[in-house]
Amino acid sequence: MVVLSGAGLSTASGIPDYRDREGRWKRKQPVEHREFLASAEVRRRYWARSFLGWPMIGEAQPGSGHRALAELEARGRIALTVTQNVDGLHQKAGSRAVLELHGAIAEVLCLDCGGRHARAAVQDWMRAANPGFADAMATAAPDGDADAAEGFEAGFAPPECPACGGMLKPDVVFFGDNVPKSRVGAVSTAIDNADGLLVVGSSLMVYSGYRFAEHAHRQGKPVMAVNLGKTRADHLLAAKVEQDCGEFLASVLLKS
């Protein structure tokens, strides 16, 4: 089968999710791609909050659900794990056939020269350039973001590319941006060649993931979801389990 994972799988690792059981936003929407590119102040606010939020996601460890999926892959049950998450926890758990639909937060891209940098290194650069900011109070938010007091980012120096001084952006698909067509095509092909699609921990409210439930359904492939709360694809599902992802996958592993 093909697995499509979402934020609900990583909450056991201490990473907050975006939506409640009804699929509504729990907090303000993440930064928009267009705004990040157009506004120096938006970039300053993003990087200041990311500076506070990165340690949580950088140090996070896989949960039982990640480990169960890795073992199911090793047993030949999973052809591809497609994740909407950017935390890299599937790979940490040992999964090898992973497609990161929205990219990887651990990598940073220079939009001017194309250079790539490790997010951990960028953290060190920001710490050196912004003494005192590490003590700011903040609450963990999804995908390495953080919620802090309004205006706390004043005076924060965002990172620049050490090679060319250009604009740095995490190598992830921000809201309002498009998933590369090559990734969409690769997932669709994998679903065509699989017995079915298993959705784990995703409400599928974002079209980038929902499209694959639609695609599998059109191909006559069964779609199953494990999610606490409703999904956008409830009307397409052959089966649904409203249970903690890790608990359910661990039980499947014991029975398989």
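The values are calculated or read from the model by the stated rules, or taken from the named source; none is laboratory data. On a predicted model such as this, the values are computed, not experimentally measured, just so you know. Every residue, glycine as well, gets a Cβ built from its backbone with ideal geometry; the counts of neighbours run over all protein chains shown.
In segment 35-55, what count of residues is obtained for those that are more than 21 Å from residue 161 (Cβ to Cβ) and surrounded by fewer than 22 Cβ atoms within 10 Å (Cβ to Cβ)?
If we filter segment 35-55 for residues that are more than 21 Å from residue 161 (Cβ to Cβ), which is where we start, we get 52-53, 55.
Next, from what is left, pick out any that are surrounded by fewer than 22 Cβ atoms within 10 Å (Cβ to Cβ): 55.
The total comes to 1.
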Check off (1) in contact (Cβ under 8 Å) with a residue 60 or more places away in the chain; (2) among the acidic types (Asp, Glu); (3) in a loop (DSSP other than H, G, I, E, B); (4) surrounded by fewer than 19 Cβ atoms within 10 Å (Cβ to Cβ) for residue 150 and give me the number that stays unchecked.
(1)
Applying the selection to segment 112-126, what residues are touching a residue at least 40 places away in the same chain (Cβ under 8 Å) and not in a strand (DSSP E or B)?
112, 113, 115, 119, 120, 122, 123, 126
Yes or no: segment 88-110 includes at least one residue that is crowded, with 17+ Cβ neighbours inside 10 Å, hydroxyl-bearing (Ser, Thr, Tyr), under 11 Å from the mean Cα position of the chain (by Cα) and on the phi < 0 side of the Ramachandran plot.
no
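With respect to residue 50, determine if the residue is small (Gly, Ala, Ser) and in contact (Cβ under 8 Å) with a residue 12 or more places away in the chain.
Values: small (Gly, Ala, Ser): yes; in contact (Cβ under 8 Å) with a residue 12 or more places away in the chain: yes.
Yes: the conditions hold for residue 50.
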Looking only at segment 52-103, how many residues end up being modelled with pLDDT under 95 and either closer than 18 Å to residue 183 by Cα or of a type in the set (Phe, Trp, Tyr) (or both)?
1
Pair list, Cβ under 9 Å, 6 or more apart: segment 83-111 residue farther than 18 Å from residue 61 by Cα, other residue among the acidic types (Asp, Glu) and buried (at least 19 other Cβ atoms within 10 Å of the Cβ):
97/73; 102/143
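Test of understanding: among 140, 163, 190, which residue is surrounded by fewer than 17 Cβ atoms within 10 Å (Cβ to Cβ), more than 26 Å from residue 29 (Cβ to Cβ) and either touching a helix residue (DSSP H, G or I) at 6+ places or on another chain (Cβ under 7 Å) or at pLDDT 95 or above (or both)? Talk me through it step by step, then tell me what you get.
Working: 140 fails: more than 26 Å from residue 29 (Cβ to Cβ); 190 fails: surrounded by fewer than 17 Cβ atoms within 10 Å (Cβ to Cβ).
Answer to the selection: 163.
Only residues that are surrounded by fewer than 19 Cβ atoms within 10 Å (Cβ to Cβ) and out of contact with any Gly (no Cβ under 9 Å at 6 or more places or on another chain): list them for segment 193-205, please. Give the steps one after another, and end with the answer.
First, pick out the residues of segment 193-205 that are surrounded by fewer than 19 Cβ atoms within 10 Å (Cβ to Cβ): 193-196, 205.
Passing the criteria: 193, 194, 195, 196.
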Mind checking whether some residue in segment 127-141 is of a type in the set (Lys, Arg) and in a strand (DSSP E or B)?
no
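Identify all residues within segment 194-241 that are in contact (Cβ under 8 Å) with a residue 12 or more places away in the chain, part of a helix (DSSP H, G or I) and more than 22 Å from residue 90 (Cα to Cα); write none if there are none. Step through it out loud before you land on a result.
If we filter segment 194-241 for residues that are in contact (Cβ under 8 Å) with a residue 12 or more places away in the chain, which is where we start, we get 194-206, 208-217, 219, 221-233, 236-241.
Going one step further and asking which of them are part of a helix (DSSP H, G or I), we end up with 208-217, 236.
Within segment 194-241, 214, 215, 216, 217, 236 qualify.
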State yes or no: is residue 155 of a type outside the set (Ser, Thr, Tyr), at pLDDT 95 or above and not in a strand (DSSP E or B)?
no
Among the candidates 78, 105, which residue alone is within 16 Å of residue 200 (Cα to Cα) and in contact with a strand residue (DSSP E or B) (Cβ under 9 Å, 6 or more places away or on another chain)?
78
Can you find even one residue in segment 118-129 that is in contact with a Leu (Cβ under 8 Å, 6 or more places away or on another chain) and either small (Gly, Ala, Ser) or closer than 30 Å to residue 68 by Cβ (or both)?
no
Looking only at segment 172-187, count every residue that is farther than 28 Å from residue 77 by Cβ and surrounded by fewer than 18 Cβ atoms within 10 Å (Cβ to Cβ) and tell me the total.
5
From the options 187, 252, residue that is under 18 Å from the mean Cα position of the chain (by Cα), outside any strand (DSSP E or B) and β-branched (Val, Ile, Thr)
187
Within segment 68-108, the count of residues that are part of a helix (DSSP H, G or I) and aliphatic (A, V, I, L, M) comes to 7
